[in-house]
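Undergrad: Let me begin by handing over the structure; questions about it come next.
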Amino acid sequence: MAREPCPGEAAHGEIRIGVSRCLLGENVRYDGGHKRSAFVTETLAPFVRYIAVCPEVEMGMSTPREPIRLVRGEDGPRLRGVNSGKDYSAGMRRFAAKRVAELRGLDLHGYILKKGSPSCGLFRVRV
Ligand code: SF4
């Protein structure tokens, strides 16, 4: 069933929001789980079109997988496996450059990102 347009949509077109895929309830986290947000999936969903992104899975990491974290390096933060110490930085940078260019082409109105994530988090991510 088609939804009613939200306020302002008729004048400005659909509202396109990039979102961390785990917030939609998809099992993409390192532990095989999700971080479903009722606000994202129930409150806001009728009014927007989501473009889901999971950097870790889209760059080729499996689910479940080793957790990763940001570690201070000489030339800036590095993305490393918590247990193995494997450095995922180069792969993530390659993926991000390509994916960000694609997202830029979609002219998104905003993003909803999982806080604290070494891959999705924007502010106050632990290093
Ligand atoms: S990389 Fe982002 S979308 Fe994927 S599981 Fe982690 S926080 Fe969620």
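What follows draws every value from the coordinates through simple rules; no lab data is involved. All values reported here derive from a predicted model rather than from experimental measurement. Here the Cβ is made from the backbone with ideal geometry for all residues, glycine too, and neighbour counts use every protein chain on show.
Undergrad: Sort Ser119, Ser84, Ser89 so the one with the fewest other Cβ atoms within 10 Å of its own Cβ comes first.
TA: Fewest-to-most ranking of Ser119, Ser84, Ser89: Ser84, Ser89, Ser119.
Undergrad: Taking just the alpha carbons, could you work out the radius of gyration and Dmax for region 16-127, both in angstroms?
TA: Both quantities, over Cα of region 16-127: 14.3, 45 Å.
Undergrad: Across region 21-29, in residue order, what do the Karplus-derived ³J(HN,Hα) couplings come to in whole Hz, using 6.51 cos²θ - 1.76 cosθ + 1.60 with θ = phi - 60° and x for Gly and Pro?
TA: Residue by residue, region 21-29 yields 4, 5, 6, 7, x, 7, 7, 10, 6 Hz.
Undergrad: Taking amide H positions as placed in the peptide plane 1.01 Å from N, state which residues far from Ile68 in sequence (5 or more) or on other chains have amide H under 5 Å from it.
TA: Excluding prolines and chain starts, which carry no amide H, the hits are Val82.
Undergrad: Also, I was wondering about something else. Work out the length of the dipole vector of region 28-101 about its Cα centre, built from +1 on the beta-carbon of each Lys and Arg and -1 on the beta-carbon of each Asp and Glu, and round it to the nearest 20 debye.
TA: Dipole magnitude for region 28-101 comes out near 100 debye.
Undergrad: Further, regarding this structure: Below 17 Å, Cα to Cα, which lysines can Lys115 reach? Residues fewer than 8 away in the same chain don't count.
TA: Leaving aside lysines fewer than 8 places away in the same chain, those within reach of Lys115 are Lys35.
Undergrad: 5 Å is the cut-off here: which amide hydrogens, built 1.01 Å from N in the peptide plane, fall below it relative to Ile51, excluding neighbours closer than 5 in sequence?
TA: For Ile51, the qualifying residues are Ile17, Gly18, Val19.
Undergrad: Right, something else. Could you list Asp87, Asp107 in order of exposure, starting from the residue whose Cβ has the fewest other Cβ atoms within 10 Å? Display every interim value, and only then the final one.
TA: Values: Asp87 15, Asp107 8.
Ordered by Cβ neighbours within 10 Å, fewest first: Asp107, Asp87.
Undergrad: Shifting gears a bit: To the nearest 20 Debye, how big is the dipole of the chain about its Cα centre, given +1 on the beta carbon of each Lys and Arg and -1 on that of each Asp and Glu?
TA: For the chain, the charge dipole is close to 500 debye.
Undergrad: Mind checking region 66-127 for trypsin sites (Lys or Arg not before Pro) that DSSP puts in a loop (not H, G, I, E or B) and that have at most 15 other Cβ atoms within 10 Å?
TA: Counting only loop positions with at most 15 other Cβ atoms within 10 Å, the trypsin sites (Lys or Arg not before Pro) in region 66-127 are Lys86, Lys115, Arg124, Arg126.
Undergrad: Based on alpha-carbon centroids, what's the gap between region 60-118 and region 23-59 in Å, whole number please?
TA: 16 Å
Undergrad: With springs only between Cα atoms under 10 Å apart, run a GNM on the chain and tell me which of Gly33, Gly116, Gly13 wobbles the most.
TA: Greatest mean-square fluctuation among the candidates belongs to Gly13.
Undergrad: Moving to a separate point now. What chymotrypsin sites (Phe, Trp or Tyr not before Pro) in region 34-127 are in a loop by DSSP, with at most 16 other Cβ atoms within 10 Å of the Cβ?
TA: Phe123
Undergrad: Restricting attention to region 41-100, which GluC sites (Glu not before Pro) occupy a DSSP loop and are surrounded by at most 13 other Cβ atoms within 10 Å?
TA: Glu74
Undergrad: What do you get for the angle between helix 89-105 and the principal long axis of the chain? Use alpha-carbon atoms, 0 to 90 degrees, nearest ten.
TA: Result, in degrees: 10.
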